[in-house]
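Since the structure comes first, as structure tokens, the remarks are kept for the end.
The values are calculated or read from the model by the stated rules, or taken from the named source; none is laboratory data. This structure is a prediction, so every number in the text was calculated from the model and none was measured. Here the Cβ positions follow ideal geometry from the backbone for every residue, glycine too, while neighbour counts run over all protein chains shown.
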Amino acid sequence: MLTIGKLAKQCEVNVETIRYYQRIGLMRVPETTQSYRYYNDKDIETLSFIQKGKDAGLQLSEIQELLQLQLDDREQVRQVIEQRLEKIDQRIQELQALKSRLSGWVDECKTTNESCCPILKQLKNS
């Protein structure tokens, strides 16, 4: 049994992070015993799951959805991850378009003979 401070230290997270996860329903709030809330191995597993999900680029809402699934819900788990991949692909496309736009501005800045900065001109006229 661990207090919130010891749980945070063991899992290398901030106490406030654990409290936040509890507020949004990702982690349970243990009952108070002798003025303390004690956490168990299941809480360590849950916190580890959340951290691994975040490291994999999942949103907290997606992690919450996965936490509610059973080990044999492969189809649903796969759907959550496939949806995340679609969002990532969309974001990559947005970033590539942004990169292309900014690169064009830099190229124009390098090659123009105009006295005013073409980047600032583009930003003011956008």
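Which condition number does Met27 fail, the rest of (1) free of Cβ contacts under 8 Å to residues at least 24 places away in the same chain; (2) under 30 Å from Arg91 (Cβ atoms); (3) part of a helix (DSSP H, G or I); (4) not assigned by TED's automatic domain parsing to the domain that holds Asp89 being met?
Result: Met27 fails condition (3) only.
Run Arg101 past the list (1) over 26 Å from the mean Cα position of the chain (by Cα); (2) within 18 Å of Lys54 (Cα to Cα) and report the number of the one that doesn't hold.
(2)
Listed here are the residues, each with its yes/no results for (1) over 30 Å from Leu58 (Cα atoms); (2) part of a helix (DSSP H, G or I).
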site: Lys87; (1), (2): no, yes
site: Gln90; (1), (2): no, yes
site: Leu95; (1), (2): no, yes
site: Arg101; (1), (2): no, yes
site: Glu108; (1), (2): yes, yes
site: Asn113; (1), (2): yes, no
site: Ile119; (1), (2): yes, yes
site: Leu123; (1), (2): yes, yes
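Filter segment 1-17 down to the residues that are among the β-branched types (Val, Ile, Thr), touching a helix residue (DSSP H, G or I) at 6+ places or on another chain (Cβ under 9 Å) and farther than 13 Å from Leu60 by Cα and list them by number.
Passing the criteria: Ile4, Val13, Val15.
Condition check ((1) under 25 Å from Ile81 (Cα atoms); (2) acidic (Asp, Glu); (3) modelled with pLDDT under 95; (4) surrounded by 10 or more Cβ atoms within 10 Å (Cβ to Cβ)) across all residues:
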{"position": "Gln10", "(1), (2), (3), (4)": "no, no, yes, yes"}
{"position": "Tyr20", "(1), (2), (3), (4)": "yes, no, no, yes"}
{"position": "Gly25", "(1), (2), (3), (4)": "yes, no, yes, yes"}
{"position": "Thr32", "(1), (2), (3), (4)": "no, no, yes, no"}
{"position": "Ile50", "(1), (2), (3), (4)": "yes, no, no, yes"}
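Cβ-Cβ below 6 Å, separation at least six or inter-chain, first residue in segment 10-23 and more than 13 Å from Thr46 (Cα to Cα), second among the small types (Gly, Ala, Ser) and surrounded by 14 or more Cβ atoms within 10 Å (Cβ to Cβ): which pairs?
Note: pairs meeting the criteria are Val15/Ala8.
Run down Leu26, Leu47, Leu7 and say which single residue is touching a strand residue (DSSP E or B) at 6+ places or on another chain (Cβ under 6 Å) and not charged (D, E, K, R).
From the options Leu26, Leu47, Leu7, the qualifying one is Leu7.
Tell me the residue from Asp73, Asp43 that is in contact (Cβ under 8 Å) with a residue 24 or more places away in the chain and either surrounded by 10 or more Cβ atoms within 10 Å (Cβ to Cβ) or in contact with a His (Cβ under 8 Å, 6 or more places away or on another chain) (or both), please.
Result: Asp43 is the single residue among Asp73, Asp43 that is in contact (Cβ under 8 Å) with a residue 24 or more places away in the chain and either surrounded by 10 or more Cβ atoms within 10 Å (Cβ to Cβ) or in contact with a His (Cβ under 8 Å, 6 or more places away or on another chain) (or both).
Would you check which residues across segment 23-41 are closer than 24 Å to Gln51 by Cβ and not β-branched (Val, Ile, Thr) and list them?
Those that are closer than 24 Å to Gln51 by Cβ and not β-branched (Val, Ile, Thr): Arg23, Gly25, Leu26, Met27, Arg28, Pro30, Tyr36, Arg37, Tyr38, Tyr39, Asn40, Asp41.
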